[in-house]
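*Asks:* Supplied in structure tokens, the structure appears directly below.
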Amino acid sequence: MSAPTWLTVDSDDLRHLPVYQGHPTRSKRHYDGEKEILSTRFREGWAGFLAWMQRHDASVTLFVISDLLEQEDFSRLLRDALKQFGTRLTIGCHGHTHRSWSAWGEDKAGFAAMLSQSTTLLKEHAGESFRPYFRAPSGYVAPWMAEVLAREGYKVDSSVNPSWLVRKKAAGHTWSEVTKAMKANGLIERPWLTTWTLPVNGPALFRFPLSLLARRAWKRTGTAFTKSEMYRVEDEKGDLTTVYCHILDFARNEGGWTPPLNLPRA
Ligand SMILES: [Zn+2]
């Protein structure tokens with residue numbers, strides 16, 4: 001039997017993508033949209049996400065980039081969603097500006113300052129729905145980040161995409177070194193699902209030919225956690241499968257895209 005599944009969604013808007021910002025070599029393009037407001041695509045994605053949430057009763061953790069909370073329109077969307085779904089929707093941290101931390105070299109002080117600011121904002125806006133869970137922006141994570149996460153009170157990290165294809169993101173380390181550092185600092189690592197050591201989450205869902213593998217892998221995942229089972233994310237002994245997609249993905253197919261999963265209907 002497959003392990004139960006932890007459903008996670010990342011809140012990146014277009015302006016956060018590494019092609020525009022946050023990475024020393026990948027960020028080459030200028031973002032043409034207005035940075036102060038949510039993009040139309042994000043709004044469409046959010047509407048699709050809410051519609052999908054209404055159709056099933058599984059729990060979802062949304063990893064929020066906290067600079068979004070400095071915008072009144074996103075704060076309102078989040079407040080309404082938390083009111084609608086209660087703690088079936090939990091909130092984790094996806095950085096303050098979506099900087100690709102491990103790509104810039106070790107910077108414990110900078111990472112700590114960001115994490116402290118981000119955590120304060122998330123707690124303020126998410127209240128009891130906040131969880132001390134971290135996902136590194138674009139999966140750029142390194143062992144030095146573990147100690148800082150622990151100091152800020154984080155219990156779970158879900159940044160490791162254990163595939164050789166993206167090994168550079170660990171900044172000269174192996175994925176198992178990252179996992180060991182998390183464990184040594186008291187965090188539980190929840191790596192992303194892979195198939196044949198290839199990525200199947202996020203962008204892989206849409207990049208041919210990985211997309212074929214990805215959709216099949218998602219369809220084979222075990223039952224998604226409901227609200228009462230969510231404690232298992234923090235249960236060290238519990239085996240689980242972690243999958244993730246983006247809010248922006250829900251804008252695909254004219255707002256009709258949903259994660260390729262078989263979920264219990266609401
Ligand atoms: Zn992201």
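Here, each number is a calculation from the coordinates, and none is a lab measurement. Bear in mind the structure is a predicted one, so any value in this text is a computation, not a measurement. Methodologically, a virtual Cβ is constructed for each residue, glycine included, from the backbone with ideal geometry; neighbour enumeration extends over all protein chains shown.
*Asks:* Taking the Cα centre of region 5-255 as the origin, how large is its charge dipole in debye, to the nearest 20, when only Lys and Arg (+1) and Asp and Glu (-1) carry charge on their Cβ atoms?
*Replies:* 780
*Asks:* Turning to a different aspect of this structure: Work out how much length Trp196 to Lys183 would gain on full extension: take 0.36 nm times their residue separation and subtract the Cα-Cα distance, in nm to one decimal.
*Replies:* Extra length available between Trp196 and Lys183 comes to 2.2 nm.
*Asks:* Quick one: compute the contact order of region 137-266, relative version, from alpha carbon pairs under 8 angstrom and 6+ residues apart, as a percent. Numbers along the way, then the final one.
*Replies:* On the way: 165 pairs, mean separation 28.5, N = 130.
Rounded, it is 22 percent for region 137-266.
*Asks:* Counting only other residues whose beta carbon sits under 11 Å from that of Ile65, what net charge do I get with K and R as +1, D and E as -1? Provide the component values of the computation, followed by the final result.
*Replies:* Working: positive: Arg15, Arg99, Arg135; negative: Asp10, Asp12, Asp13, Asp67, Glu70.
Charge balance in the 11 Å sphere: -2.
*Asks:* Looking only at GluC sites (Glu not before Pro) in DSSP loops with at most 14 other Cβ atoms within 10 Å, what is the longest site-free stretch of the chain?
*Replies:* Values: sites that count: Glu34, Glu36, Glu106, Glu236.
Segment 107-235 is the longest.
*Asks:* Test of understanding: given the chain, find the longest segment containing no chymotrypsin sites (Phe, Trp or Tyr not before Pro) that are in a DSSP loop and have at most 16 other Cβ atoms within 10 Å.
*Replies:* Longest run free of exposed loop sites: 32-195.
*Asks:* Under the rule of at least 5 residues apart or a separate chain, name every residue whose amide H is placed under 5 Å from the amide H of Thr242.
*Replies:* The list, which skips near neighbours in sequence, is Trp6, Leu193.
*Asks:* Please list, in chain and number order, the residues 5+ apart from Val64 or on another chain whose amide H is under 5 Å from its amide H, with Hs placed from the backbone.
*Replies:* Those lying under 5 Å, H to H, from Val64 are Gly92, Cys93, His94.
*Asks:* A further question follows. Check which residues have an amide H placed less than 5 Å from Ile188's amide H, if you skip close sequence neighbours.
*Replies:* Excluding prolines and chain starts, which carry no amide H, the hits are Val156, Asp157.
*Asks:* Normalised by the number of residues in the chain, what is the relative contact order in percent for Cα pairs under 8 Å and 6+ residues apart?
*Replies:* Once normalised by length, the contact order is 28 percent.
*Asks:* Also, quick follow-up: Which number gives the lysine pairs in the chain that have C-alpha atoms under 24 Å apart and are eight or more places apart or on different chains?
*Replies:* Going through the chain pair by pair, I get 26.
*Asks:* Would you mind estimating how fast region 74-181 diffuses translationally, via Stokes-Einstein at 37 °C and 0.692 mPa s with the Kirkwood radius over Cα pairs, in µm²/s?
*Replies:* 226
*Asks:* Quick one: order Asp107, Asp249, Asp67 by neighbouring beta-carbon count within 10 Å, fewest to most.
*Replies:* Asp107, Asp67, Asp249
*Asks:* Binning every alpha carbon pair distance of region 150-194 at 5 Å from zero, what are the percents per bin?
*Replies:* P(r) for region 150-194, in whole percents per bin: 5, 24, 31, 23, 13, 3, 0.
*Asks:* Sticking with this one: If you find the alpha carbon centre of region 142-166 and of region 199-241, how far apart are they in angstrom?
*Replies:* With region 142-166 and region 199-241 each reduced to a Cα centre, they are spaced 18 Å.
*Asks:* With the dipole of the chain worked out from charges on the C-beta (+1 for Lys and Arg, -1 for Asp and Glu) around the Cα centre, which of Leu38, Gly202, Asn262 lies farthest toward the positive end?
*Replies:* Asn262
*Asks:* Grab the alpha carbons of region 169-266, take their convex hull, and tell me the volume per residue in Å³.
*Replies:* It comes to 138 Å³ per residue, whole-number rounded.
*Asks:* Any chance you could get the radius of gyration and Dmax over the Cα atoms of the chain, in Å?
*Replies:* Every Cα atom of the chain included, Rg and Dmax give 17.1, 48 Å.
*Asks:* For the chain, what proportion of DSSP beta bridges, expressed in % and rounded to the nearest 5, is antiparallel?
*Replies:* Around 10 percent antiparallel, to the nearest 5.
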